[in-house]
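Have a look at the structure below, then the notes.
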Amino acid sequence: MKQNNPLKLVKLEHRVALVTHVHPDGDAYGSILGLKHILSEKALLVDAFADSDTQSKYSFLPSFSELKGEDSIGDIEYDLCFVLDCGNKERVYGFSSLLTSSKMVVNIDHHVSNIGFGQIDWVDSSASSTSEILTDLASDVDDTVNAKAATCLLTGIIMDTGSFLYDSTTKNTHIATAFLLDQGADHAAIRYHLFQNRPLQNVKFLGYLIDKMELISNNQVVLLTVSDELLNSFNVAYEDLDEFISYVRDISGVELAIIFKELSPEETKISLRSKKWCDVNELASNFNGGGHERAAGAVIQGTLDEAREKLIPLVTSIFNGGQSV
Ligand SMILES: [Mn+2]
């Protein structure tokens with residue numbers, strides 16, 4: 001038994017809230033819904049909070065429709081609030097009142113930038129995903145998880161490892177995956193919904209983005225700039241931008257891929273992906289962001305143009321003063 005396994009804190013009489021980061025990705029949804037299913041018979045009440053959209057490609061996950069939005073935050077005083085996959089507590093955005101109103105906050109995460117903000121912090125930056133950490137913790141408590149939990153957690157692992165391609169994929173990632181398959185994880189559903197069900201408009205949008213992409217620093221850096229208007233005109237979901245950035249990162253010779261995405265007239269989200277050596281966690285930290293060495297993000301105050309003016313000189317200086325074209 002792991003010492004101080006935080007899942008052992010949960011008692012049958014407890015009310016438990018689960019929270020993850022804004023704009024949830026596969027690991028965020030996978031870990032929050034996975035933990036909901038793990039705890040379903042171990043606590044009095046388990047409420048999972050996250051922004052969700054019925055059009056989401058993750059809507060196939062068991063109990064996705066039970067996710068609660070900000071407007072569902074009531075006056076329940078939760079005994080425990082698990083914060084999952086959040087490098088810092090600000091990333092929960094509109095759900096922050098759950099952290100202050102709960103009796104205890106438990107932070108479970110794998111971001112190297114996570115310095116701890118819970119009464120209990122379980123941070124393992126060697127893990128591929130929060131879903132992998134939860135798989136280890138759950139199997140340590142019980143030797144078994146239900147098939148619904150297994151499907152959610154396997155989704156998180158697959159999405160955060162780029163289908164087991166990233167450096168973060170370890171022997172333990174595969175052991176956790178084997179365990180989840182043994183527990184009945186629906187691998188075929190994951191494959192179909194996340195990889196073989198791409199909306200036609202997304203493919204057309206990818207074509208547009210590739211046509212408009214900018215290459216700088218001797219073609220080692222690729223830039224994509226996405227305004228709200230553009231995203232809406234193609235009717236593409238914000239969460240799908242991840243697959244586009246991965247696509248252009250994989251161009252031969254490219255080391256770093258960046259998406260500038262308009263969040264509002266005053267705020268621009270940057271997403272950074274690198275291939276071999278560029279530490280994007282460090283790059284994002286210039287703007288109070290973070291993540292991992294090969295995948296990170298931040299929010300820059302300013303318009304798309306202003307964000308570009310702030311970030312591109314930093315990037316070109318890292319890439320030995322390469323010239324913008
Ligand atoms: Mn993650």
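Just so you know, all these numbers are worked out from the coordinates, no wet-lab data involved. Treat the numbers as computed from the prediction; the structure is a model and nothing was measured. So basically every Cβ, Gly included, is an ideal-geometry build from the backbone, and we count neighbours across all protein chains shown.
Write out the trypsin sites (Lys or Arg not before Pro) in region 90-171 meeting two conditions: DSSP loop, and at most 15 other Cβ atoms within 10 Å of their Cβ. Mind showing how you got there, number by number?
Values: sites: 91, 103, 148, 171; in loops: 103.
For trypsin sites (Lys or Arg not before Pro) across region 90-171 that sit outside H, G, I, E and B with at most 15 neighbouring Cβ atoms in 10 Å, the list reads 103.
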Fill in: Pairwise label distance in nanometres, residue 8 with residue 275, each label 7 Å out on the Cα-Cβ vector
4.6 nm
Response to the item:
For region 200-318, shape from the Cα gyration tensor axes a ≥ b ≥ c, cut at a/c of 1.5 then a/b versus b/c, turns out oblate
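Work out, step by step, the length gained on full extension between residue 121 and residue 200: first 0.36 nm times the residue separation, then minus their alpha carbon distance; give nm to one decimal.
Details: separation 79, 0.36 × 79 = 28.44 nm, distance 4.20 nm.
This chain segment gains 24.2 nm when fully extended.
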Worksheet item: For the cross-link pairs 103/148; 8/68; 171/275; 36/212; 36/310; 68/261, which exceed 30 Å when the distance is taken from alpha carbon to alpha carbon?
Response: 36/212; 36/310
Fill in: region 204-293: trypsin sites (Lys or Arg not before Pro) falling in loop per DSSP and having at most 10 other Cβ within 10 Å
276
Fill in: Derived scalar couplings ³J(HN,Hα) [region 176-190; Karplus, 6.51 cos²θ - 1.76 cosθ + 1.60; whole Hz; x for Gly, Pro]
4, 5, 4, 4, 5, 5, 4, 8, x, 4, 8, 4, 5, 5, 4
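Out of all DSSP beta bridges with both ends in the chain, state the antiparallel percent to the nearest 5. Each step should come with its number before you reach the end.
Values: 20 of 45 bridges.
Bridges in the chain are about 45 percent antiparallel.
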Response to the item:
In nm, the gap between the two label points placed 7 Å beyond Cα toward Cβ at residue 263 and residue 219 is 3.4 nm
Practice prompt. Under 19 Å from a label point 7 Å along Cα→Cβ of residue 141: give me every residue in region 18-32 with its amide N that close.
Written response: 18-20, 28-32
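Given the DSSP H assignment, sum -39500 (n - 2.57) over each helix run of at least 4 residues in the chain and divide by its residue total; what's the result at 222 nm in deg cm²/dmol, nearest 500?
Working: 11 runs with 118 residues, N = 325.
Mean residue ellipticity, 222 nm, calculated: -11000 deg cm²/dmol.
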Item to complete: List the extent of the Cα atoms of the chain along each of their three principal axes, largest first, rounded to whole Å.
Response: 61, 38, 37
Fill in: Rg [Å, one decimal], Dmax [Å, integer] - region 1-140, C-alpha atoms
13.6, 41
Worksheet item: Quick one: Karplus J couplings for region 245-256, per residue in order, coefficients 6.51, -1.76, 1.60, θ = phi - 60°, nearest Hz, x for Gly and Pro?
Response: 5, 5, 4, 7, 4, 7, 5, 4, x, 7, 9, 10
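List the equivalent ellipsoid semi-axes of region 139-199 in whole Å, largest first, each obtained as the square root of 5λ for an eigenvalue λ of the Cα gyration tensor.
On the way: eigenvalues 80, 50, 11 Å².
Here the semi-axes work out to 20, 16, 7 Å.
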Worksheet, complete the sentence: Note, region 34-46: 3J(HN,Hα) by Karplus (6.51, -1.76, 1.60, θ = phi - 60°), whole Hz, Gly/Pro = x, goes x, 5, 4, 6, 5, 8, 4, 10, 10, 9, 5, 8, 10
